[in-house]
Structure formats: structure tokens, C-alpha cells
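The structure under discussion is supplied below as C-alpha cells; questions concerning it will follow.
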Amino acid sequence: MAGDGLKDIKSEYDVIVIGSGLAGLTCANMLAKFDRSVLILEQHTKLGGLATWFKRKGGHIFDVSLHGFPAGMIKTCRKYWTPEIAKSIVQLKGIRFDNPQFSFSTTFDVNDFTRIMTDNFKIPREIVDDFFVTVRGMNFYDDQTMTTGELFNKFFPGREDVVRLLMEPITYANGSTLDDPAISYGIVFSNFMSKGVYTFQGGGTDKVVGDMETELIKNGVDIKTGSPAEKIVIENKKTAGVVVNGKTIKSNAVVSNGNLISTIRNLIGYENFSEKFIEEVKKVRINNSSCQVYIGIKKGEKIDYIGDLLFTSTAEKFDSKALCSKNITSRTFSIYYPATRPETGMYSVVSSTNANYQDWAYLSGEEYRASKEELIESTLNALDKYLPGIRGKIDWVEAATPKTFESYTLHVDGSSFGTKFEGLKVSMDLPTELPGVFHTGSVGIIMSGWLGAANYGVITANNVDKYLRL
Amino acid sequence: MTREDIRSTILEVIADIVPDEDLSALTGDVRIRDQIELDSMDFLDIIMELRKRYGVEVPEDDYMELATLDGSVNYLEPRMKEI
Ligand SMILES: Cc1cc2nc3c(=O)[nH]c(=O)nc-3n(C[C@H](O)[C@H](O)[C@H](O)COP(=O)(O)OP(=O)(O)OC[C@H]3O[C@@H](n4cnc5c(N)ncnc54)[C@H](O)[C@@H]3O)c2cc1C
């Protein structure tokens, strides 16, 4: 097989992009717009990385990571992709919270949160305003020593209900905890809160990624799926290309969109770096993984509108560790109505929970199957509260675990959101250590999610273009 | 390019990046970001456009120089006068 799959690609490119997550795709598209010759190598058979979907019997199409993103995605799609992709983005107005501390629906923007915090939580208006001004003013160059927990304590001491309201959705969105730097919370939260939560309409992830692929091809990018990069070739302390299918394809720059740690450890190898850098690499913590349950409503069957995104929990209070526990108390339900895919007219529900890789990785085959079954059953029971009689309306249900995410994306420990905060510096410093080698993709909370990944792709494309001009 | 050309070039670049903003009343000596909605990605777009269109490289350490319209013209004048 070696060589066969590679016959229609060139022997040399300006840039090879390894991985086709949103960061890799956006980076490749920008580089093509800068008139660079670009090759994308993707190990999976589909483009998109975690921005993915799958089809099942009964006409079901499930979206994996399309639960909602910040308004900024509209601008990002318009500027770095096409106006048409940007125009298909709409706001999700029904965001619901339901837990032992509170239960209500919100449009998830500053105005509505201000209303909730003053009316429901009885926090003085000045404090609420002051909090929002503070988090919105946060930027990357600010003090990084204050934690998110300390930030909340400063404004809302002793108010666990407020902490839950402000933190739980963000923990779901990027795995961050109260111990992460306040600035990373501030930046991500302000992004979401600036105008609410958004999604694509008139076609799901398959449509968006398909449109992106069309655009890449139009811009002259060569794309190879089913092609895992084996090695980034380093010669004389800089990059010379990539080994794929046992063959070296030459390039002056390489961008890895694969997991940061496996890029450094496996694709490049520790021996190519200074000891000091490797010390920093070893300190980088991987983010948590996820479990999901995909629930397909029978064709022709309907469900009522109960909101778009439901943050539900039976836990007494917010606890980021408990959110990852295999003993699940908190679930986010995304309800997809026919507006998402008008051509099918179908409904589906995806339940997501944060999860620890370790809880799932070492089970025997039988334990693993039983745990998945339990996950499905408990999820359907939990959903029944919001959609009574749901079991009678479905004809497909299946679960994904950290093992599933690991096998589809090759992320270390099936990480859903890349690395913790310290990963960003390592990612950014990579080209200083090894000229011509770049990383892009989920790192450090700020650069993760659909918007963060796509924007990081642009930032990396800028650095690559600058480098190639030297 | 003359100073006037450079100024209109910058305005043209910004208009492409944020088409919904009204740039006609932009004051030259006030931070651009204080007058229109221009985030850090938009700013990066300006840098990338200048490089793509005119081959002008603005190192990260000099980004501050482009905070205002007047500052941008002063900074770019020696770098774009041959264009
Ligand atoms: C369950 C879940 C729900 C989520 N929900 C949301 C949401 O609602 N909103 C939101 O904004 N974000 C969400 N996210 C996060 C978002 O999906 C990711 O942050 C984003 O898609 C990551 O993009 P990326 O470019 O960093 O890389 P990834 O999507 O991780 O892609 C990396 C790519 O590199 C490929 N690759 C790796 N190694 C190699 C190799 N050696 N050779 C070739 N290819 C390789 C992989 O196959 C993959 O395609 C969710 C994530 C998960 C897991």
C-alpha cells in the first residue's frame, strides 16, 4: 500500500499541515490565500477533527461538538472562510439551567445574566456590573497568578450558586476549573457572553466542513485523508519535511495540528530539543476528556421545544472534579430540532459529560461494555425528566467514551480540549526551538473550542508566512 | 506613497476587515480601538494585509506604533514611500 495513496500529491510543498481540525484547516486556508503551496495530511478518513459528525441507520446524523460557540465565530468564518459559511450562523436562544440550586432559561448574554444575578440571586447591580467590566477587560498580558476561584471570591464571597452559574458552562466548554488562571476564564467567558451562544443552521457539521473543503480545494490546497504523519523530519536543527506512508515529502515549514504533547514526543522526538524546553513540555497538563450519548428520535416522530442547550445537574453544588466523575451527576443536553438539518426534518439529542481518561482506559472488554450500557441507561433516565416518554420515541442510541475520542483524534488521553494553560507557551515557542516547526490547535483554554482553534490557525498561518519570507 | 495615500490605504484595509463600522469620523490621534470595534484578530488582519499587499513587515514589538491612525501613517511612511 505504501506510496499508492500518495501518487497524486507533489514531492515538495511550502507548508505541510498535519491534522485537519478547525485550527489546521483554517491555517491551511490562510496559507493558501498567502499563495503558499499547502498539503494537508489527515490520519482519519474525514476532515474536521473533533468538529465531526457521523451517520447511523434510520437516517440519523449526529454532531459531536456542535453545541454552541461564541458570536465571534461569525466574523472568523467571514474573514477566514466564506461569507456564506458566516451567514449560516444563528443564535441559540434557549439555554437552560436545572440543578438543585436554581432552574431557569437564559439567552446567555451580559444583559440577561445581569438580570438573573440581580433579580434571582439578589446581587447588587454595582457588583454585577463591576464583575463584567473586570472580566471583559482581561487580556492575555495581564497578571496570570490570580485563579478563577479567587476572582469569584473577590466579587461573590460565599456565593456557591453564583459560582455555579458563571463556571459550570465554561467547565463544559473547555474543561477549565477554579484553579485555572482568572484571565483564561475572563477571555473565554467574555467571548461567550458578549452576544450569547451560536450554532450553524441549515446543515450541521458535515455541511460546514464540506464547505470548508470546497474552499480549500478552490484555493489550491492538496488534501490527503487516511494518511497519518509518522515523523516530522529535522535536518540541521530545522524542518525538512514529513514522513507519511514511509515516504518523505519535503517542505520548508510544517504545522502540526495534532496533540501538542504527541507532536513533540512522537512526531519530532525529545532528542531534537533543548533540555530546558523538554522540562517545560513535561510540565504541560492534558485537559480532561468526554463521554457522550447520541440519541436518535425516529423519523416522523416529534418532540416539544424544551430549549437548545440544557445544563443539568443533580449535584448539590458545582465541583469540577465531580463533573469528570464516572459516577455522573451533571449532563449537558444539546437538542437538535429540524432547523439544524431541514433536509432530514429529524430531531436528535446529544448528552455530553466531562470525563477522565483513566476511568475508562483500563477496563476489561466486558467492564467497558457494561459501563457504556450504564452510561446510556442513566442518560435516558435523566433525559426523561425533560422529555417524558423519550424511550418510546427513539430508534438509535449509542455512547462515546474517552477511548473513542482518543482513537479518532490521536489526542493524548482522548483530551477534548487540548492542554491546560501552560501548553500555549510551549506551542508558541516551538518555532523558536526548531525553526520551521509550528503547532496550532487546542491549547491553553483560550485557543480551544471552534472559535479559539480557528483563530489560532490564523495566528499560526501568520507566523508561518513570516518565517517563509525570511 | 504619500502620507495621504498611506492613510487611505490603511482605511481601505480596515474597511475590508470590519465592513459594518463607519470609518468616516475616525480621529487620527485617538486609539483606533477606542473608536470602532476592532479586536486583536482584526488587528492581526491589518498586519497580514500590509504584508500581503505591500510586503511590509511589522514586527510584534512595533504593534503599539499602529494604535492610532496618525501613528500608523508615521510608522509606515518610511516603509512605504517607495511603493
Ligand atoms: C465532546 C466535545 C464537545 C465539544 N463541544 C464544543 C462546542 O460545543 N463548542 C465549541 O466551540 N467547541 C466544542 N468542543 C471543542 C472543539 O471541538 C475543539 O476545541 C476543536 O474542534 C479542536 O480543534 P483543533 O484544531 O484543536 O484540533 P482537533 O479537532 O483535535 O483535530 C486534530 C486533528 O489532527 C489529526 N491528527 C492528529 N495526529 C495526526 C497525525 N499524526 N497525522 C495526521 N493527522 C493527525 C486528528 O485526526 C484530527 O483530525 C467540543 C469537544 C468535544 C470533545
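Of all residues being part of a loop (DSSP other than H, G, I, E, B) and modelled with pLDDT under 95 in the range A:317-338, which is most open to solvent (accessible area, probe 1.4 Å)? Just the residue, please.
Out of the qualifying residues, it is A:N327.
Now, a different point. One residue is enough: does the range A:401-413 have a residue meeting the conditions at pLDDT 95 or above and more than 16 Å from the ligand (Cβ to nearest atom)?
no
Taking A:I459 as the residue in question, decide whether it is within 14 Å of chain B (Cβ to nearest Cβ), open to solvent by 20 Å² or more (accessible area, probe 1.4 Å) and under 13 Å from the mean Cα position of the chain (by Cα). Quick ask: steps written out before the conclusion?
Working: within 14 Å of chain B (Cβ to nearest Cβ): yes; open to solvent by 20 Å² or more (accessible area, probe 1.4 Å): yes; under 13 Å from the mean Cα position of the chain (by Cα): no.
Judged against the criteria, A:I459 is not a match.
Additional query: Out of (1) open to solvent by less than 10 Å² (accessible area, probe 1.4 Å); (2) closer than 26 Å to A:T332 by Cα; (3) outside any loop (DSSP other than H, G, I, E, B); (4) away from chain B (no Cβ under 14 Å), the odd one out for A:Y13 is which?
Answer for A:Y13: the failing condition is (2).
Report whether or not A:I123 is more than 23 Å from A:M447 (Cβ to Cβ) and assigned to a loop (DSSP other than H, G, I, E, B). If you could, list the steps in order and put the result at the bottom.
On the way: more than 23 Å from A:M447 (Cβ to Cβ): yes; assigned to a loop (DSSP other than H, G, I, E, B): yes.
So A:I123 fits the description; yes.
Okay, next question. Between a first residue in the range A:16-33 that is in the same structural domain as A:V243 (by TED's automatic domain parsing) and open to solvent by 10 Å² or more (accessible area, probe 1.4 Å) and a second residue that is near the ligand (Cβ under 7 Å from one of its atoms) and aromatic (F, W, Y), which pairs have beta carbons less than 6 Å apart while being 6 or more apart in sequence or on different chains?
A:L22/A:W450
Could you figure out which of (1) open to solvent by less than 20 Å² (accessible area, probe 1.4 Å); (2) under 24 Å from A:F69 (Cα atoms); (3) in contact with a strand residue (DSSP E or B) (Cβ under 7 Å, 6 or more places away or on another chain) isn't true of A:V242?
(2)
Checking the structure you have, find out if any residue of the range A:25-36 is in a strand (DSSP E or B) and more than 9 Å from the ligand (Cβ to nearest atom).
no
Let me ask something else. Could you list, in sequence order, the residues of the range A:94-113 that are surrounded by 14 or more Cβ atoms within 10 Å (Cβ to Cβ) and either polar (S, T, N, Q) or assigned to a strand (DSSP E or B) (or both)?
Selection gives A:I95, A:R96, A:F97, A:D98, A:N99, A:Q101, A:S105, A:T106, A:T107.
Condition first: under 21 Å from A:I18 (Cα atoms), crowded, with 21+ Cβ neighbours inside 10 Å and not small (G, A, S). Can you find one or more residues in the range A:380-403 that meet it?
no
Please state which of the following conditions A:M117 fails to meet, knowing it meets all the rest: (1) more than 30 Å from A:G300 (Cβ to Cβ); (2) aliphatic (A, V, I, L, M); (3) in a loop (DSSP other than H, G, I, E, B).
Against the list (1) more than 30 Å from A:G300 (Cβ to Cβ); (2) aliphatic (A, V, I, L, M); (3) in a loop (DSSP other than H, G, I, E, B), A:M117 comes up short only on (3).
Next question, about the same structure. Among the β-branched types (V, I, T), more than 10 Å from the ligand (Cβ to nearest atom) and farther than 22 Å from B:D20 by Cα, is that true of A:I18?
When the stated conditions are applied, A:I18 does not pass them.
Right, something else. For a quick check of your reading: which helices (runs of 4 or more DSSP H) sit entirely within chain B and have at least 2 residues that are within 14 Å of another protein chain (Cβ to nearest Cβ) and open to solvent by less than 60 Å² (accessible area, probe 1.4 Å)?
The qualifying helices (runs of 4 or more DSSP H) are B:3-17, B:40-54.
Is there a residue being modelled with pLDDT of 95 or more, in a strand (DSSP E or B) and more than 15 Å from the ligand (Cβ to nearest atom) anywhere in the range A:69-83?
Checked against the condition, which is being modelled with pLDDT of 95 or more, in a strand (DSSP E or B) and more than 15 Å from the ligand (Cβ to nearest atom), the range A:69-83 yields no hits at all.
Within the range A:48-65, track down each residue that is among the hydrophobic types (A, V, I, L, M, F, W, C) and open to solvent by less than 10 Å² (accessible area, probe 1.4 Å).
A:A51, A:F62
While we're on this one: Does A:I116 count as surrounded by fewer than 21 Cβ atoms within 10 Å (Cβ to Cβ) and either within 16 Å of the ligand (Cβ to nearest atom) or within 30 Å of A:Y185 (Cβ to Cβ) (or both)? Explain how you work it out, then say what you get.
Working: surrounded by fewer than 21 Cβ atoms within 10 Å (Cβ to Cβ): yes; either within 16 Å of the ligand (Cβ to nearest atom) or within 30 Å of A:Y185 (Cβ to Cβ) (or both): yes.
So A:I116 fits the description; yes.
Can you tell me which residue is nearest to the ligand (Cβ to nearest atom) among those in the range A:37-61 that are among the small types (G, A, S) and under 20 Å from the mean Cα position of the chain (by Cα)?
Here the residue is A:G49.
Of these, A:S415, A:S442, which one is among the small types (G, A, S), away from chain B (no Cβ under 14 Å) and open to solvent by less than 20 Å² (accessible area, probe 1.4 Å)?
On the way: A:S442 fails: open to solvent by less than 20 Å² (accessible area, probe 1.4 Å).
After applying the criteria, what remains is A:S415.
Looking only at the range A:37-82, count every residue that is in contact with a helix residue (DSSP H, G or I) (Cβ under 8 Å, 6 or more places away or on another chain) and either within 14 Å of chain B (Cβ to nearest Cβ) or of a type in the set (S, T, Y) (or both) and tell me the total.
15
Looking for something within 12 Å of the ligand (Cβ to nearest atom), under 12 Å from the mean Cα position of the chain (by Cα) and of a type in the set (G, A, S) - is there at least one such residue anywhere in the range A:418-428?
Yes: the range A:418-428 contains one or more residues that are within 12 Å of the ligand (Cβ to nearest atom), under 12 Å from the mean Cα position of the chain (by Cα) and of a type in the set (G, A, S).
If a residue has to be near the ligand (Cβ under 7 Å from one of its atoms) and among the charged types (D, E, K, R) to count, how many in the range A:443-470 make the cut?
Number of matching residues: 0.
The values are calculated or read from the model by the stated rules, or taken from the named source; none is laboratory data. Computed from a predicted model, the values in this text were never measured in an experiment. Here the Cβ is made from the backbone with ideal geometry for all residues, glycine too, and neighbour counts use every protein chain on show. Side chains are part of the model used for accessible areas, which takes the heavy atoms of the whole protein and leaves out ligands, DNA and RNA. Shrake-Rupley method; radii C 1.70, N 1.55, O 1.52, S 1.80 Å.
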